[in-house]
2 protein chains.
Amino acid sequence: MIKNDTIIALATPSGIGAISVIRLSGEKSIDIVAAFFKSVRKGKSLNNQKSHTIHLGHIVSEETLLDEVLVSVFKNPKSYTGENVVEISCHGSKFIQQEIIQLFLKNGCRMADNGEFTMRAFLNGKMDLSQAEAVADVIASNSAASHQIAIQQMRGGITNELKELRAQLLDFAALIELELDFSGEDVEFADRRKFIALVTKIKLVLKRLIDSFSFGNAMKNGIPVAIIGAPNVGKSTLLNALLNEEKAIVSEIAGTTRDAIEDEIIIKGVAFRFIDTAGIRETKDIIESIGIEKAYQKAENAQLIIFLIDANKFRNAESSFLSEINTIRTRFPNKRVLVIANKTDTISSTNTINLQKEIENLILLSAKNNIGIEALKNELTSLVNTGALSNNDTIVTNSRHFEALNNALSAILSVQQGIDLEISTDLFSIDIRECLRHLGNITGEYDVDKDILGHIFSNFCIGK
Amino acid sequence: MIKNDTIIALATPSGIGAISVIRLSGEKSIDIVAAFFKSVRKGKSLNNQKSHTIHLGHIVSEETLLDEVLVSVFKNPKSYTGENVVEISCHGSKFIQQEIIQLFLKNGCRMADNGEFTMRAFLNGKMDLSQAEAVADVIASNSAASHQIAIQQMRGGITNELKELRAQLLDFAALIELELDFSGEDVEFADRRKFIALVTKIKLVLKRLIDSFSFGNAMKNGIPVAIIGAPNVGKSTLLNALLNEEKAIVSEIAGTTRDAIEDEIIIKGVAFRFIDTAGIRETKDIIESIGIEKAYQKAENAQLIIFLIDANKFRNAESSFLSEINTIRTRFPNKRVLVIANKTDTISSTNTINLQKEIENLILLSAKNNIGIEALKNELTSLVNTGALSNNDTIVTNSRHFEALNNALSAILSVQQGIDLEISTDLFSIDIRECLRHLGNITGEYDVDKDILGHIFSNFCIGK
């Protein structure tokens, strides 16, 4: 499966900047670049340089000087891919990038496929598959929480959890299969008590990892929060109040201009996706009913619901807030519902107190005047158990891993059932193999299907 | 003027990619990074590494692992700026870029100003001012021709032309001023014959450089070509035919997608800016007249005019093409006018021959059917004297240099006049000083005004 050709790609973002980096990987990469590199120091050749050294010189094609560059040399196996790697740091012009890449495409390189550098790193044993997959997550992560999860995975989080257990299970599988060879003789090589303990342990770890997925997924993609409420209670104003402030914070840092944040906000390192919905009220209008039904659907898909009420509508004990709130809580029994009273600047302090008496844990704010927004943010982040992000806990964010973990759990439950029912060893030994296969798929220890590999790395950018 | 603080900036284009490079420069840059860098090899510190070496490790801020990075170390004076320089190659995520830059901003760095790395390189004597200015041109160049001119300037093209002459003139200036000290004694330290030869030589070089500017400027910004002609002769179709083909060629290369090429086309390495105009005809309509006047203005500003006629309109000897062509040539006596007959696929071969007989150097094509477009391109590029781009000729593209060269020429002409009129030495010694000052301004040998420096580098991107 290991390819011996030399690949090339732009490693830095496309566009104009001070510098750009073009990366080559393959046995011949150093020779290929050396043929077109003229060092500023006479007689110096790239071919006999040490690994991890940088050289100033010119890339020259048929007497034409393409650029003054810095060339970094990394030698097999001490490189990202495990192969010889050359990084050419040139001026950040699209023209120069093209010219240099074209030069090497004509002279022994081919364009790298998406993620091919990382795929080679995996194939050459520089990282396991789950680590390779985490590289894309590290690049894509846009909040402290998702970044920390991705970095942990890149450092081998899930591998560390599973490797030892898989090795132990593999030992037992061998012993049990040995028993099968001696099936006529009623021997037990595998200590059943120890085996049952291992199966139980595997079951617990798998369950914990599987449980972490919904949290991990929310951290990776942003925790969906639906804002619902009657028309004109100020849902959009609240969304803007949340967005504007954070946008301003983000843009304080040079070069952070972001394409269409839309309704995603990072609050204290956690990404939230706020979903504005149509106003909810009883209506006979068919079109409006459809909009309200959609609002409920969005709330259904959210992890958290903000139910916004208009404090101004609170007049006396006959107010219908409680019944409204109950309707929502009944409709979404498994979701956390935050009740927030907006426009509190327009009501008397007596009414404010009465309102708070009527509704438990009510959050008061004025979105328009930016009052109480900070408190709401604190409430939101405190709801997210960031304690789960300690370095000792592995969080699963990858749906391929999630699926494999579920399959492994099914298999190990079958094994346990087999033990409990004292069925024939040869039957549950199939389940053990099945469990091993699914666990191995995560880290790539088990031969992974080429199509799956292709799919995984096709999500990478070229150059990684 | 040399600053001792440490600056930091993103050196690669902003956005998501495989890797990003963050650059620091300043005496303390290595120490600053070392404090947050944990090498993968235990006990290894950045502080005692050789220049031009690369180190794998982690950037860690308060126990939080920000990223796995490669750190390149360059030691004063062997670096781009001439100061200690560190380049951190991290994963190409905006979040990581921000986190790392923020970390170092809090720990002894400040954000670099636009072009500050290159300004430091100039102030530390790593390059002269004209070379520093060329760095921005190298990054901005988008055609082989403009790139080659910029690269040549970055390698010291104009400096090499002027340095020796300026040194010789400086010697004479000193001798002539010495004469002034002995003014009562009628001595001549400066050999007048040699001095006159030098002045003549300087004059010639300055004139040659000044003359190169209009060509250089066109190469840098694209040669403006106006397409004019009667309504419906196919001007826009021709423009599209020229554009489409080249666009397709450009997009063959991955990552070359360009923002709004509009009407700029690079043909065989030379950039042309095609300007489509309103149809020209005799009219009494006031609005239409204004449009036609604008078309003429555009033609006036162009370096080359394409006059397009509709071959289909050619019926017999009474055709008015010749008078039309004469009108254009009379209106623009100093411009090269290319006459092109479009829609030649619709006329008989006899008429084609007659047409060619009537109009000298006529180019025949059918823009709609893409016939003759290639020949037109050949004609266009042959009109541009690319021979002027040999490595021995310096082309001036920078308007600041152009202005300084003109000022230097005025001064040297005054010197010559002074010699011719045998006026008092003390009078033309002022003109010599003036000439020296303007020449020195180009390369920055003469103390350049801080405001001018600021202006020059403010056009750079941050990080360069």
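In region A:36-69, of all residues being assigned to a loop (DSSP other than H, G, I, E, B) and small (G, A, S), the one that is nearest to A:L103 (Cα to Cα) corresponds to A:S45.
I'm trying to understand the selection: among the residues of region B:120-142, which are within 11 Å of the chain's Cα centre (by Cα) and surrounded by fewer than 22 Cβ atoms within 10 Å (Cβ to Cβ)?
Filtering region B:120-142 for residues within 11 Å of the chain's Cα centre (by Cα) gives B:133-142.
Scanning region B:120-142 gives B:D137, B:A140, B:N142.
With B:I88, B:I101 as the choices, which residue is at pLDDT 95 or above, on the phi < 0 side of the Ramachandran plot and within 11 Å of chain A (Cβ to nearest Cβ)? I'd like the intermediate steps shown before the answer.
Numbers: B:I88 fails: within 11 Å of chain A (Cβ to nearest Cβ).
Sole residue among the options that is at pLDDT 95 or above, on the phi < 0 side of the Ramachandran plot and within 11 Å of chain A (Cβ to nearest Cβ): B:I101.
For region B:107-119, the tally of residues that are within 12 Å of another protein chain (Cβ to nearest Cβ) and either open to solvent by 10 Å² or more (accessible area, probe 1.4 Å) or closer than 14 Å to B:V60 by Cα (or both) stands at 4. The residues of region A:41-64 that are closer than 24 Å to B:S79 by Cβ, more than 9 Å from chain B (Cβ to nearest Cβ) and of a type in the set (G, A, S), listed by number, are A:G43, A:S45, A:G57.
Quick check, is A:I452 closer than 24 Å to A:L129 by Cβ, at pLDDT below 90, among the hydrophobic types (A, V, I, L, M, F, W, C) and not assigned by TED's automatic domain parsing to the domain that holds A:F122? I'd like the intermediate steps shown before the answer.
Details: closer than 24 Å to A:L129 by Cβ: yes; at pLDDT below 90: yes; among the hydrophobic types (A, V, I, L, M, F, W, C): yes; not assigned by TED's automatic domain parsing to the domain that holds A:F122: yes.
For A:I452, the condition - closer than 24 Å to A:L129 by Cβ, at pLDDT below 90, among the hydrophobic types (A, V, I, L, M, F, W, C) and not assigned by TED's automatic domain parsing to the domain that holds A:F122 - is met.
Would you check which residues across region A:128-148 are facing chain B (nearest Cβ under 8 Å) and outside any helix (DSSP H, G or I) and list them? Of everything in region A:128-148, those that are facing chain B (nearest Cβ under 8 Å) and outside any helix (DSSP H, G or I) turn out to be A:S141, A:N142, A:S143.
Of the residues making up region B:45-67, those that are at pLDDT 95 or above and charged (D, E, K, R) are B:K50, B:D67. Being more than 29 Å from the chain's Cα centre (by Cα) and within 11 Å of chain A (Cβ to nearest Cβ) is the filter; apply it to region B:1-40 and report the residue that is least open to solvent (accessible area, probe 1.4 Å). Here the residue is B:A18. Taking the conditions (1) touching a helix residue (DSSP H, G or I) at 6+ places or on another chain (Cβ under 7 Å); (2) under 30 Å from A:K207 (Cα atoms); (3) more than 9 Å from chain B (Cβ to nearest Cβ); (4) open to solvent by less than 30 Å² (accessible area, probe 1.4 Å) in turn, A:G157 satisfies each one other than (1).
If you scan region B:335-361, which residues turn out to be closer than 26 Å to B:G222 by Cβ and open to solvent by 20 Å² or more (accessible area, probe 1.4 Å)? Write out each step before concluding.
Our first condition is that a residue be closer than 26 Å to B:G222 by Cβ; within region B:335-361, this holds for B:335-342, B:361.
Once the filter is applied, which keeps residues that are closer than 26 Å to B:G222 by Cβ and open to solvent by 20 Å² or more (accessible area, probe 1.4 Å), region B:335-361 yields B:K335, B:R336, B:N361.
Once region A:99-156 is narrowed to residues that are among the charged types (D, E, K, R) and touching a residue at least 60 places away in the same chain (Cβ under 8 Å), the residue that is farthest from A:S399 (Cα to Cα) is A:R110. Checking each residue in region A:5-35 for being under 30 Å from B:T118 (Cα atoms) and part of a helix (DSSP H, G or I) picks out A:I30, A:V33, A:A34. In summary, B:N312 fulfils each of the numbered conditions (1) assigned to a loop (DSSP other than H, G, I, E, B); (2) surrounded by 13 or more Cβ atoms within 10 Å (Cβ to Cβ) with the single exception of condition (1).
Conditions (1) free of Cβ contacts under 8 Å to residues at least 24 places away in the same chain; (2) polar (S, T, N, Q), marked per residue:
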position	(1), (2)
B:G17	no, no
B:I22	no, no
B:S25	no, yes
B:F37	no, no
B:T64	yes, yes
B:D67	no, no
B:S93	no, yes
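The values are calculated or read from the model by the stated rules, or taken from the named source; none is laboratory data. All of these numbers come straight from a predicted model, not from anything done at the bench. Here Cβ is always computed from backbone atoms with ideal geometry, including for glycine, and neighbour counts include all displayed protein chains. With ligands, DNA and RNA removed, areas are computed over all heavy atoms of the protein, side chains included. Shrake-Rupley method; radii C 1.70, N 1.55, O 1.52, S 1.80 Å.
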